[in-house]
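Beneath this line is the structure, given in structure tokens, with notes to follow.
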Amino acid sequence: GESVGLHLPTLSVQEGDNSIINCAYSNSASDYFIWYKQESGKGPQFIIDIRSNMDKRQGQRVTVLLNKTVKHLSLQIAATQPGDSAVYFCAENRAAGNKLTFGGGTRVLVKP
Amino acid sequence: DAMVIQNPRYQVTQFGKPVTLSCSQTLNHNVMYWYQQKSSQAPKLLFHYYDKDFNNEADTPDNFQSRRPNTSFCFLDIRSPGLGDAAMYLCATSRDVSGGAPYEQYFGPGTRLTVT
């Protein structure tokens, strides 16, 4: 079936280094992708989104890359900080009904 | 601040005893969603409302029901909770996307349900 999945369940990164979280999706009709950050005991928090007519989008310390050819999405976090420790989910959104399909999640652990 | 509010944050219920979780929003969004998130898993959509139109996911058990009395409020009713229904329940909202591009979903903090 259609799904969104992640390659790495846990990512351990040194404080100050850059983090890269990867996500594969299988529905070529998806036209909108979102990265969410979820801290323990909290709801998902929007980080950044990208539409399928783009291949890169930058925010504050974060960059999302979209490769439609291989159906791959990545989130780059620059200068990772302790506050970045959380679970990160990618999600695809199909225009019909604005429903999100989440990937499995990657836990990022920032080492001091 | 405009936001999505969920009450209670923690709910304990007994096996088989009906329970209702509530969600309210000050964003004036047309669409409201309920997700179930089990430990170490991704959120899974149960159903959503587009205005007053209810849209159930095909694999959502009949045990889960929802009500949306007005734009601001949405309720999740679990008629006979089982041990397998213990999870975090997340409410989310988004803007009207009828015929248009999809928009970001805003999530509440969740209600953690324990079934004893």
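In terms of solvent-accessible area of protein heavy atoms at a 1.4 angstrom probe, what is the ranking of A:PHE46, A:PHE102, highest value first?
If we order A:PHE46, A:PHE102 from most to least accessible, we get A:PHE46, A:PHE102.
Provide the packing ranking of A:63-74, A:32-43, i.e. peptides ordered by the mean count of other C-beta atoms within 10 Å per residue, highest first.
Sorting A:63-74, A:32-43 by mean packing, highest first, produces A:32-43, A:63-74.
Pick from B:ASP77, B:ASP53, B:ASP96: which residue has the top mean-square fluctuation in a GNM of chain B where Cα pairs under 10 Å get a spring?
B:ASP53
Across the range B:41-55, in residue order, what do the Karplus-derived ³J(HN,Hα) couplings come to in whole Hz, using 6.51 cos²θ - 1.76 cosθ + 1.60 with θ = phi - 60° and x for Gly and Pro?
10, 7, x, 10, 5, 8, 6, 8, 10, 9, 6, 9, 7, 8, 10
Per 10 Å bin from zero, what fraction in whole % of the C-alpha pairs of the range B:17-84 is there, up to the bin with the longest pair?
Taking every Cα pair in the range B:17-84, the percentages come to 19, 52, 26, 2.
How many percent of the accessible area of the protein assembly as shown is carbon or sulfur, using a 1.4 Å probe?
On the protein assembly as shown, the fraction of accessible area on carbon and sulfur atoms equals 48 percent.
What number, in percent, do you get for the relative contact order of chain B if the mean sequence gap of Cα pairs under 8 Å and at least 6 apart is divided by its residue count?
So the answer I get is 37 percent.
Only protein chains counted, 1.4 angstrom probe. Which residues of the range A:37-58 are at least 10 Å² less accessible in the assembly than when their chain is isolated?
A:GLN38, A:GLY41, A:LYS42, A:GLY43, A:PRO44, A:PHE46, A:ARG51
If we count every other residue with Cβ under 13 angstrom of A:THR10's Cβ, Lys/Arg +1 and Asp/Glu -1, where does the sum land?
Local net charge: +2.
Have a look at A:ALA78, A:ALA91, A:ALA24 and tell me which one the Gaussian network model of chain A (Cα, springs below 10 Å) gives the largest fluctuation.
Answer for the Gaussian network model of chain A: A:ALA78.
Could you check the spin-label model distance between A:GLU39 and A:GLN76? Points 7 Å from the Cα along Cα→Cβ, value in nm.
Spacing of the two 7 Å Cα→Cβ label points: 2.6 nm.
Just to make sure I understand: if all protein chains stay in place, what is the order of A:ILE21, B:ILE5 by accessible area at 1.4 Å, largest first?
Per-residue accessible area, sorted high to low, gives B:ILE5, A:ILE21.
With a 1.4 Å probe on protein heavy atoms only, work out how much accessible surface A and B bury together, total over both chains, in Å² to the nearest 100.
1600
Pairs A:LYS37/B:LYS38; A:LYS99/B:LYS44; A:LYS37/B:LYS44; A:LYS111/B:LYS44: which exceed 22 Å Cα-Cα?
A:LYS111/B:LYS44
State, as an integer percentage, the relative contact order of chain A based on alpha-carbon contacts under 8 Å between residues 6 or more apart.
Result for chain A is 37 percent.
Taking chain A as a Gaussian network, where each spring joins two C-alpha atoms under 10 Å apart, which residue of A:ASN53, A:ASN27, A:ASN18 fluctuates the most?
Between A:ASN53, A:ASN27, A:ASN18, it is A:ASN53 that shows the largest mean-square fluctuation.
If you count only protein heavy atoms with a 1.4 Å probe, what accessible area per residue comes out for chain B, rounded to a whole Å²?
Result: 49 Å² per residue.
Identify the residues of the range B:2-39 with backbone N under 16 Å of a label point that sits 7 angstrom from the Cα of B:ASP53 along the Cα-to-Cβ direction, or state none.
B:30-33
P(r) tail for chain B, what percent of Cα pairs lie past 22 Å?
Considering chain B, 28 percent of its Cα-Cα pairs are separated by more than 22 Å.
The values are calculated or read from the model by the stated rules, or taken from the named source; none is laboratory data. Just so you know, these numbers come straight off a predicted model, no measurement behind them. Here Cβ is always computed from backbone atoms with ideal geometry, including for glycine, and neighbour counts include all displayed protein chains. All accessible areas refer to the heavy atoms of the entire protein, side chains included, with ligands and DNA or RNA removed. Shrake-Rupley method; radii C 1.70, N 1.55, O 1.52, S 1.80 Å.
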